[in-house]
1. Determine the alpha carbon to alpha carbon distance for each of Lys85/Lys151; Lys80/Lys104; Lys78/Lys256; Lys138/Lys176; Lys126/Lys205; Lys184/Lys256 and list only those over 28 Å.
2. Mind giving me the FRET efficiency for Ser94 and Asp141? R0 is 35 Å, r the Cβ-Cβ distance, nearest 0.05 is fine.
3. Let's see if you can work this out: charge +1 on each Lys and Arg Cβ, -1 on each Asp and Glu Cβ, no other charges. What is the dipole magnitude of region 39-173 about its Cα centre, in debye to the nearest 20?
4. Multiply the residue gap between Lys112 and Ile186 by 0.36 nm, knock off their C-alpha separation, and tell me the result in nm, one decimal place.
5. Please report the equivalent ellipsoid semi-axes of region 80-181, computed as sqrt(5 x eigenvalue) of the Cα gyration tensor, largest first, in whole Å.
6. Order these by the 10 Å Cβ neighbour count, fewest first: Thr98, Thr52.
7. Compare the peptides 283-292, 115-124 by average per-residue count of other Cβ atoms within 10 angstrom and give them in order, highest first.
8. When a/c reaches 1.5 or more, the comparison of a/b and b/c decides; with that in mind, is region 37-294 rounded, prolate or oblate per its Cα gyration tensor?
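Values in this text are rule-based calculations from the coordinates and carry no lab data. Remember, predicted model here, so these are calculated numbers, not experimental data. Don't worry about glycine lacking a Cβ; one is built from the backbone with ideal geometry, like all the others, and counts go over all protein chains shown.
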Amino acid sequence: MKLISSFSYLLVCLSIFSFSANKKPSKKRALKTLTGFCSYISSGNAVIENDTFSVQGFYMSNGEISNIQYQEFLFDLKKKGELEKLAVAMIDSSGWNTPLGYNKSYIEHYHKHPAYRDYPVVNVSKEGAELYCEWLSKKYDTLSNGELTIKFRLPQHAEWMRAARGDNHSQRYSWKGMYLRNEKGIFLANFVRVGVESVHYNEEKKKYEVINIPVDGFAWSPMKTVDVTAPVESYWPNDFGIYNLNGNVSEMVADKNIVVGGDWTKPGYDVRNEAQKEYTGPSMATGFRIVASYVE
């Protein structure tokens, strides 16, 4: 599926609006510029570890932020001479250099080669992701002459969970059902496919264990059925129109030092809606998506 960047899409949208100096566009009309880039998540509740949170309606990017979208941001910082921000936002491609990994081609090409333009940006810091949100907010404001006041930011954990579950608070994955395949047997997310041949019963502990999981980046392992991330709008969207909330890349949230949703290096249990791990900095398995709200 072809994906255009948020900034390029903005230019297209703004070109079809005729803003007048004396008449501001309505909120409804203004938010049309998010069509094709973000989907609306209606107000409702989110349940996290038995706590219920009330979540106001918001817009969320359909996919994770892609390489081409993030490269536009870096290019603009460099062009404007904002070198301090550029230093914070830069991609650390050495994150592909994992133990026993054969990822030299990803180090050299993943973030810049046209073949990966629609793949999620990874190996960026949370501070860099926040700077991207700040930059995109200013772009929307500047290109509309201050008449489109839309703020972009990282999602709150409760917002992310609301987008993943909707009103079904026990939903295991962001799609309907509790399985990782659809009725045709096709996988619904990007994750490590662990088969029954890797399940072991530990007699001493009296429980089942998964063994022989491949090391991240261990490309020639017969167990490794995914090599890398997938494009940001791949597999199928959920009922809100959001792609890859489970698997592909773990996603940063604004209010906690965690990443959520699991990633392409993890098995199915670890890409559930509840899946989370501590954020420890830039990683080849961590990216982000953004949310948007209209500021009166």
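1. The answer is Lys80/Lys104; Lys78/Lys256; Lys138/Lys176; Lys126/Lys205; Lys184/Lys256.
2. That pair, Ser94 with Asp141, gives E of 0.50.
3. Around 260 debye, computed over region 39-173.
4. 23.6 nm is the gain from fully extending Lys112 to Ile186.
5. 28, 27, 12
6. Ascending Cβ contact count within 10 Å gives the list Thr52, Thr98.
7. 283-292, 115-124
8. oblate
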